[in-house]
1. Are any residues in region 168-210 closer than 16 Å to Gly137 by Cβ and modelled with pLDDT of 95 or more, and if so, which ones?
2. Give me a count of the residues in region 131-154 that are of a type in the set (Gly, Ala, Ser), in a loop (DSSP other than H, G, I, E, B) and crowded, with 22+ Cβ neighbours inside 10 Å.
3. Condition first: polar (S, T, N, Q) and open to solvent by 30 Å² or more (accessible area, probe 1.4 Å). Now tell me which residues in region 326-354 satisfy that.
4. Looking at region 149-206 only, could you name the residues that are farther than 15 Å from Met130 by Cβ, small (Gly, Ala, Ser) and touching a residue at least 24 places away in the same chain (Cβ under 8 Å)?
5. How about region 113-130: which of its residues are of a type in the set (Gly, Ala, Ser), in contact with a Ser or Thr (Cβ under 8 Å, 6 or more places away or on another chain) and open to solvent by less than 20 Å² (accessible area, probe 1.4 Å)?
6. If I filter region 240-293 down to residues being of a type in the set (S, T, N, Q) and in a loop (DSSP other than H, G, I, E, B), which single residue comes out as least open to solvent (accessible area, probe 1.4 Å)?
7. When you go through (1) closer than 23 Å to Thr347 by Cα; (2) under 20 Å from the mean Cα position of the chain (by Cα); (3) open to solvent by 10 Å² or more (accessible area, probe 1.4 Å) one by one for Glu109, which number turns out not to apply?
8. Of everything in region 95-129 that's among the polar types (S, T, N, Q) and assigned to a helix (DSSP H, G or I), which residue is modelled with the highest pLDDT?
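The values are calculated or read from the model by the stated rules, or taken from the named source; none is laboratory data. Predicted model, so just to flag it, every value in this text is computed and none were measured. Cβ: placed from backbone, ideal geometry, glycine included. Neighbour counts: every protein chain shown. SASA here: full protein model, heavy atoms, side chains in, ligands and nucleic acids out. Shrake-Rupley method; radii C 1.70, N 1.55, O 1.52, S 1.80 Å.
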Amino acid sequence: MHKLPPFVVFPVLLLGPSLALLVVTVFASASTSTPCGPVVTAVPGEVTATTTSGASVRLDGVQLGHAVTIVRVGGATEGVGRDGIVVALMAALAESRLRMLANATAYPESAGFANDGDGSDHDSLGLFQMRPAAGWGSVAELMDADYQAQAFFGGPDGPNGGSPRGLLDIPGWQSVPKGVAAQSVEVSAHSDRYAEFGPVAEAILASLTAPGPGEATIGPSGSSEMVEAAADTPAASTTFVVFPLPEGTWRWTSGYGPRIHPVHGTATFHAGVDYVAPAGTPVLAVADGVVSDVSANQRSGNLVVIDHRLNGQAVATAYAHLLGGSVLVREGDPVTAGQQIAAVGSTGAATGPHLHFEVHPGGFYAPVDPEPWLAAHAAGQLKKAAPAACTTGGER
């Protein structure tokens, strides 16, 4: 476990061009789980789509961050596939508009967890509006997007053992309309509302993903091609790098190097880079790894550190000023590239909500400039050996 010296992390609110051309694409890595379905390849700043009734729906970066969680968990769970992910997105859109909703009336403690607002719908919580009283899980569990996605998909590795039933616990769910499948899990009094969000769910999935092994994609000629798993090729050992915030949610404010401390007015060295983003914006693990530190101090605020191995080399990344109650990981937890680990906040010595991000090749304490590091690791990693088989079960 690494314990860091306090960071010097204050945004100076100067718009910099250094990341204007940086394109970092999200890739699911085969080093910890092999996808059974679509994998996330990009997180746009927003998606706009139209429901079957003609209503326009706009999803922002926070909502799409939750969609990433659903796609990631579903893609790593055997038996879900593309259709199951679409069903889950339809359900979450209808139930919460893809927002992590607390319920301060029924469960006051839920407001203490990272959330996107208060739902106050009877005693329901979270993305799928699941009820603790119905056996879906505890308040703490249901305020965790990963847990809710696992509970919705259910199956042999689901957290509830088939009671209440997740999608995989419902015989023949693949043979009924997707709206009916969503209703079979949600058991709502408004059973017809899920189908309305089918086109929106499809648009979200198309914006986030590329096909997984054995799934159809449209080739340059317009013909349907297949992305086949190379059974004779071992899974790639390199870990892919993603940007730590969803696209379109942030702006650069302060780079790596010497600067005048914006609060104390003294000369100091800024060991990372600051990105201003709205409080609650998902913070993403930049690569597969293991959480080595979850702590807090007066300067960095709530802090997460992750250890990685990139191309066989050790590297640690640090994420500071995280929103109180938003940290979703514990020390020792494995994480995957693009997984939400917390949310942007302004804890510690910060003048406003932002993410302070650091990179330490070889481990602490030898920081380097994160911006060229991100750019270098985004390049040349667009291909990897296809996995040989699908890993059973979701991630936790």
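1. Those that are closer than 16 Å to Gly137 by Cβ and modelled with pLDDT of 95 or more: Asp169, Val185.
2. Total satisfying the criteria: 2.
3. The answer is Ser346, Thr347, Thr351.
4. Scanning region 149-206 gives Gly155, Gly179, Ala181, Ala195, Gly198, Ala201, Ala203.
5. Within region 113-130, Gly126 is the sole residue that qualifies.
6. Among them, the one singled out is Thr281.
7. (2)
8. My answer is Ser96.
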